[in-house]
Structures are given as structure tokens and as C-alpha cells.
Amino acid sequence: MAEADPPARTVSLGTGVAAVDAAAWDALAGKANPFVSHAFLALLEQSGSVGPGTGWQAAPILIENGAGALVGAAPAYLKSHSQGEYVFDHAWADAWARAGGDYYPKLQIAAPFTPVPGPRLLAQDDEIARLLIRGAEAVVRQNALSSAHATFVAPAQMPLFEQAGWLVRRDIQFHFANAGYASFDDFLGTLTSAKRKQLRKERARAVEGLRIEERTGDALKPEHWDAMWAFYQDTGSRKWGHPYLTREAFELMAARMADRIVLLIAYDGDQPLAGAMHLLGADTLYGRYWGCLRDIPYLHFELCYYRAIDIAIERGLRRVEAGAQGGHKLARGYGPVATWSAHYIADPAFRRAVSDYLERERAAEVQEMEWLEGHMPFRRGN
């Protein structure tokens, strides 16, 4: 019997996620992670947070079957810099430039400005996922790019990149794991006595004289978004020189994603003083943006870490992911978790140099992870 012909599929480079049918995209992305949803990625484009002048040119990799139905997609961008990625390759760019090469543009498969692990290959099955990887490699070769990078890849998808020969990089974040706690005090009971006292003291100090409001969905009003925008601008201007998101991005989040957003706002009387924005996933609370117009001891910990634990316990969520880096989270019950990225380097000599760099980096990272795991604040036996 003759073998059946492989199904007809078309791989193309799109002009943006906003141009893709939302239902078709979300059928592949699922509902677990808001940062790969059509709503989030499209609003980044429509608000001007990515696009002309930003160094992020949307170029999603799309796969359609013979009937024209979308069966695979990867949120991809042509990047002219390495800002807003949280997986740092500036040393690679400098080395390639010294060797006479052009590192930029490069292909970045990611959720922009979002150091949150999640699926990067949105596909009906592993065969189509592998085709997305080959599509990314083809974009690099056909356009003489230096490289392709998939950052903050869900661990379940990393074997697909490894099988394709991409270089693997590991980093560390700090996440809270909800072990079925009934309350914050229940969680505190698992910590050492000294840490319990420290956290209680920090929480009390943080809210002295302040009022904290938690708002989501229809309870989010324009004045709350105005306050959060002011907080975000203050933090962004200090951390990055200018905020990544535009004011319109906040307006579009309010219009399209309010039911997935939790704002925590601290008031001094009627004056909004500080705030933190969290996004809801299927089983995870994601801490994203924070700002404070006056320095208040421990208020950052309260709004970004402790209240996030409260919300996760109340809603029965499995974990809290509070963003990139931050070893100070360890003392507050957030444990070290590996995060992953995959890298396709076109030039063989450059690939060998990057591979050597990653080997040395990995050895140091393994030691760091072992140290962190040995310094968790939990009582022995927990």
C-alpha cells in the first residue's frame, strides 16, 4: 500500500497578531496563560507598545492547513536591540559585532516585556510545533539574521527545541507554591520562628496609616487605571529610562482584559500612593507592574508578594509568579524555580562560542540553585 501524502501545510510570516483571527489564535494558545492570548499580544501592537520605533517588529510565524485553518503559531518579533527580554544576550551581540557581524535584527519568540514562562509554540500537536521551530530557522537563514531566540519557554516545550539542536539556557526565578494553605497564617506556620516574626512585622509596618483596595473586573474604574499608569511610569522611567507600555495599552487592557487583572492600590487618605498589577491565569497569579510615589518601608513586599499570596490562597491558585530576578523573595517564601530559553545561532563558529559560554554559565547557575534551595526559610520537615 502506498504511503499517504503528508497533509498540506503553509508556513508564513505574519504582519502581526492583531491581523490573525482571535478565536483561531486562542484555540491554540489556550486560556491558562494570559500573555500569549490574542487580547494581550494584539493590544501591544494596537497601542504602539510594539511596532515602529520600538525595536519590536511583530512577525508571528503562522501555519495553516490545506483548508486555510490556523493549526500553529508562534509569537515572534524582529528585534533591533535586546531590551525588554529579561534574558540577557548583550555580551553575545558585542562579541559578534567585534567579529564583524550584525547581531541585529534577530528573531525573538516571546511575550514582549514579560518574563513569564509559557508556551511559545502554539500548535495542535508536536509535529506542528516542530514545524514552527523549522520555520523560525528558515526565517533566520532566508533573511541572513544572526539568530533566533525563544525566551521563558514552558518546560514541557523545551525538549522540542533541544531535539532541534537549539542551545539551552537556564535561569532562576522565585515563585510561591500554594501547598493547599487555608490562610496566610497557615502558610506562616511552615516558616521558621524568626521568619514568621519578620513577615508579620513587615506586613504591619507596610500598611500603617494606609488603606489597601483590591479591584478587578467591573470594579476597576478610570481613576484606578490613571493611578496605576502614574505608578508604572515612575517605575519605568527609573528602571528602563522610559516605560515599555504606552498609556493606550493600559486603556486596552481595561477594555479587553479587566476580568483577568487584579489591581492593589494603597491610599493615604484619598490619595493613591502605590499600586501593583497582577494578572490571573488558570492556576497562577502573575505579578507584573508596581510603582510607588513615596518610599514606604515594606510596601513593595506587601502589595507584590504578601497580598499576592493572600489572593492565591483565597482563589485556590497553585502558585504566584512575581516576576524576574529578586533574591530577596527567598526570605518571603518564594522558592527558586528554573526558567528556560532556547537559542538558534546560524554561524557555526559563533554557535560554538555561545555554547562554551553557556556551559560555563550553567555550572555557576547550578551552584547558585543549590545554595538557594539550602537557604529556604521553611522549618525542617516542611
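The values are calculated or read from the model by the stated rules, or taken from the named source; none is laboratory data. Bear in mind the structure is a predicted one, so any value in this text is a computation, not a measurement. Using ideal geometry, Cβ is built from the backbone for each residue, glycine included, and neighbour counts are taken over all protein chains shown. To get the accessible areas, we keep the full protein, side chains included, count just its heavy atoms, and leave off ligands, DNA and RNA. Shrake-Rupley method; radii C 1.70, N 1.55, O 1.52, S 1.80 Å.
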For helix 222-239, what angle does its Cα long axis make with the longest principal axis of the chain, in degrees from 0 to 90 and rounded to 10? 70 degrees
Lys pairs under 23 Å by Cα in the chain, provided they are eight or more residues apart or on distinct chains: 6
In Å², rounded to a whole number, the accessible area per residue of the chain with probe 1.4 Å is 45 Å²
What is the range 1-146 by shape, rounded, prolate or oblate, if you read a ≥ b ≥ c off the alpha carbon gyration tensor as root eigenvalues and call it rounded for a/c under 1.5, prolate for a/b larger than b/c, and oblate otherwise? oblate
Of 66, 101, 11, farthest towards positive along the dipole that unit charges on Lys, Arg, Asp, Glu beta carbons give the chain: 101
Show me, for the range 284-291, the HN-Hα J-couplings you get by feeding each phi into the Karplus relation (A = 6.51, B = -1.76, C = 1.60, θ = phi - 60°), rounded to Hz, glycine and proline as x. 9, 9, 10, x, 10, 10, 8, x
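Out of the total accessible area of the chain (probe 1.4 Å, heavy atoms of protein only), what percent is carbon and sulfur?
Using a 1.4 Å probe with all protein chains present, the chain comes out at 50 percent carbon and sulfur.
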Chymotrypsin sites (Phe, Trp or Tyr not before Pro) within the range 11-102: DSSP coil, no more than 14 neighbouring Cβ in 10 Å: 88
What is the chain's relative contact order, in percent, from Cα pairs under 8 angstrom and six or more apart in sequence? 20 percent
Would you work out which of 35, 52, 168 lies farthest towards the positive end of the dipole of the chain, given +1 charges on the beta-carbon of Lys and Arg and -1 on that of Asp and Glu, about the Cα centre? 168
Suppose every K and R has +1 on its Cβ and every D and E has -1 on its Cβ; what is the size of the dipole of the range 1-130 about the Cα centre, in Debye to the nearest 20? 360 debye
For residue 196, net neighbour charge (Lys/Arg +1, Asp/Glu -1) across residues whose Cβ lies under 12 Å away: +4
How much net charge surrounds residue 274 when only other residues with a Cβ under 11 Å from its Cβ are counted (Lys, Arg +1; Asp, Glu -1)? -3
Between helix 247-256 and the chain, what is the angle of the helix's C-alpha long axis to the longest principal axis, kept within 0 to 90° and rounded to the nearest 10? 90 degrees
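Once fully extended, how much extra length lies between residue 328 and residue 15, figured as 0.36 nm per residue of separation less the alpha-carbon to alpha-carbon distance?
Working it through step by step, the gained length comes to 108.6 nm.
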